[in-house]
Amino acid sequence: MGEMNVSLCGIELKNPVIPASGTFGYGYEFAELYDINCLGTFSCKGTTREPRFGNPTPRIAECTAGMINAVGLQNPGVDRVIAEELPKLKNCFSGLVMANVSGFSVEDYAYTCERLDREEQVGWLEVNVSCPNVHGGGMSFGTDPASATAVTAAVKAKTKKPVIIKLSPNVTDIVSIAKACEAAGADGISLINTVLGMRIDIRRRRPVIANNMGGFSGPAIFPLALRMVYQVAHAVSIPVIGMGGVTCADDVIEMMLAGATAVEVGAANLVNPYTCRDIVRDLPAAMAKYGITSLSEIIGGVKSWEKT
Amino acid sequence: MKQGIFRITENTPLTKNVFRLTLEGDVSAITAPGQFINIQLDGLFLRRPISVYDISPRTVTVIYKVVGRGTEQLSRMIAGDTLDVLTGLGNGYDTSVSGQRPLLIGGGVGVPPLYYLARCLIAEGKHPTVVMGFNTKDEIFAVDDFRAIGADVTVATADGSFGVRGFVTDALPSDYSYVYTCGPEPMLQAVYRTISTSGQFSFEERMGCGFGACMGCSCKTVTGYKRICKDGPVLRKEEILWEK
């Protein structure tokens, strides 16, 4: 059997498969179904300084090969995450988890990361500067290099844990933002968050989503995500976590060839709760099929065509 | 919750656009009336959540209305076809607090979860009264099933073409020990204002996953934020907040 382990910002993962934030809660719903210790790690539901209910419903819309969500960062706030969710999580996952953090000001991000920095269970901080579903926060920090730099620097000053900045695809030049984060001290980049999208209920002539627009995810965005992972991974020297429309072991391998060190799986968990377990199960056979003996050796291994 | 492959044994129209679908497979995850199942359909991304009408040791029956692409596609499937289904979703109704004369109130396609509930209540030696509301005579279904198990049934139609003319709230008995209800939100609100006892209300919301992971169907309640799919779909009357 081939080697599936990878090293993410200096921490060893037994495999590169990571359920993405917001599609896996704090793990319990899935731990009822299978032993989630088979996963590399997982990214917890996005956490903010204060508790949030999020957006009004409907928050979900069906799309061709995907879905739109506008949940709006519903979470109990960092104090309760630390007091209640992390201790419960310990019962179903023994490894280090990735804490996903969002905010509405640079100070918010710094405060929440500082609180989580003290938690032993937290291996990495995934800093979400790319949520498309909240006003005056989230994505507004990830769409220009200066504010991405400010958040990265502020968070880095408050934590010794690896800081991974999660980027939005809703920008003209994702490479410049990734480079700005790297220059500000980011230890890794994860991409992509959802793509801003919309559906309209024709009968009612109203957007399906109460927030009018929301984040589009699912297999439809895989090629877009892969392209951005490829561009960013070739432009920075810090590890990249690839995500966007991943549903199977082949998708994981493709993301890694494009340059991803690890791969997050999002919307697919909501359709088939066993998706991540199945990907971990299927990876050895897929590796054998393609003659891969070690996954870490294929990171960024795509042989691009020469441009003429 | 369990995931399984189920074989269709019947998919029969009951009215112009309401169908009864029976699926054969492992139903052991279904533990209470008022729970729902989540059906995957070829070519559609999200599953379709539908409440349980009845179960037997090897089958689960649902009654659904054709309202969009998913249910339209489902209506064209035939006996022998297979479906990937998540079963045992949601909290369901709690029958232990019903008293001896529970009142079950259902509107349109909110009626189905009340059937397995009525069956459970009768099995516990209780005497349920069922009040069902439909728009018109042609949309009525399931009445005979309820009568066959010994429930006392009253039907109301909005246009007066059958039974009591008006809404379910125009057809309520005066004497009952507890209320269980499911139907469109305006009906639930009217029931909430009218009934004289406590009760349990089953809600509908557009869902992502159906098992509590995505926070797509959250609502505010007196006791905090709840996910309709996981902490619901049944809420106790005392915890409901009607503002969105």
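The values are calculated or read from the model by the stated rules, or taken from the named source; none is laboratory data. In this text, all values refer to a predicted model and were calculated from it rather than measured experimentally. Cβ atoms come from the backbone with ideal geometry, glycine included; neighbour counts cover every protein chain shown.
Overview of values
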| quantity | calculated |
| --- | --- |
| Unmet criterion (only one of (1) farther than 21 Å from B:Ser96 by Cβ; (2) surrounded by 14 or more Cβ atoms within 10 Å (Cβ to Cβ); (3) not hydrophobic (A, V, I, L, M, F, W, C)) for B:Arg193 | (2) |
| Subset of region B:186-210 [at pLDDT 95 or above and within 14 Å of another protein chain (Cβ to nearest Cβ)] | B:Phe203, B:Met207, B:Gly208, B:Cys209, B:Gly210 |
| Meets criteria (under 21 Å from A:Arg52 (Cβ atoms) and in a helix (DSSP H, G or I)) for A:Cys113 | yes |
| Residues of region B:25-51 satisfying the condition of being touching a Phe, Trp or Tyr at 6+ places or on another chain (Cβ under 6 Å) and away from every other protein chain (no Cβ under 14 Å) | B:Gly25, B:Pro33, B:Gly34, B:Ile50, B:Ser51 |
| Subset of region B:227-243 that is more than 11 Å from chain A (Cβ to nearest Cβ) and outside any loop (DSSP other than H, G, I, E, B) - its residue that is surrounded by the fewest Cβ atoms within 10 Å (Cβ to Cβ) | B:Glu238 |
| Some residue of region A:171-188 being surrounded by 18 or more Cβ atoms within 10 Å (Cβ to Cβ) and either within 14 Å of chain B (Cβ to nearest Cβ) or among the polar types (S, T, N, Q) (or both) | no |
| Strands (runs of 3 or more DSSP E) within region B:21-119 that include 2 or more residues among the β-branched types (Val, Ile, Thr) and within 19 Å of the chain's Cα centre (by Cα) | B:36-40, B:48-55, B:59-65, B:82-89 |
| Residue count, region B:134-171 (criterion: assigned to a loop (DSSP other than H, G, I, E, B) and either surrounded by fewer than 19 Cβ atoms within 10 Å (Cβ to Cβ) or not assigned by TED's automatic domain parsing to the domain that holds B:Gln100 (or both)) | 11 |
| Number of the condition not met by A:Asp251 [criteria: (1) of a type in the set (D, E, K, R); (2) surrounded by fewer than 22 Cβ atoms within 10 Å (Cβ to Cβ); (3) in contact with a helix residue (DSSP H, G or I) (Cβ under 7 Å, 6 or more places away or on another chain)] | (2) |
| Considering residues of region A:47-60 that are touching a Gly at 6+ places or on another chain (Cβ under 7 Å) and buried (at least 24 other Cβ atoms within 10 Å of the Cβ) only, the residue farthest from the other protein chains (Cβ to nearest Cβ) | A:Thr48 |
| Identity of the residue in region B:2-20, within 18 Å of the chain's Cα centre (by Cα) and among the hydrophobic types (A, V, I, L, M, F, W, C), that ends up farthest from the other protein chains (Cβ to nearest Cβ) | B:Leu14 |
| Residue count, region B:73-90 (criterion: of a type outside the set (A, V, I, L, M) and away from every other protein chain (no Cβ under 13 Å)) | 5 |
| Qualifying positions in region B:172-203 - assigned to a loop (DSSP other than H, G, I, E, B) and more than 17 Å from the chain's Cα centre (by Cα) | B:Leu172, B:Pro173, B:Ser174, B:Asp175, B:Tyr176, B:Ser177, B:Ile195, B:Ser196, B:Thr197, B:Ser198 |
| Sole residue being among the small types (Gly, Ala, Ser), surrounded by 16 or more Cβ atoms within 10 Å (Cβ to Cβ) and modelled with pLDDT of 95 or more, chosen from B:Gly80, B:Gly107 | B:Gly107 |
| Failed item in (1) of a type outside the set (Phe, Trp, Tyr); (2) away from chain A (no Cβ under 14 Å); (3) without any contact (Cβ under 8 Å) to a residue 60 or more places away in the chain; (4) surrounded by fewer than 19 Cβ atoms within 10 Å (Cβ to Cβ), with B:Val60 passing the rest | (4) |
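Residue-wise test of (1) buried (at least 17 other Cβ atoms within 10 Å of the Cβ); (2) among the charged types (D, E, K, R).
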| site | (1), (2) |
| --- | --- |
| B:Phe45 | yes, no |
| B:Ile50 | yes, no |
| B:Asp54 | yes, yes |
| B:Thr71 | yes, no |
| B:Tyr93 | yes, no |
| B:Ser96 | no, no |
| B:Gln100 | no, no |
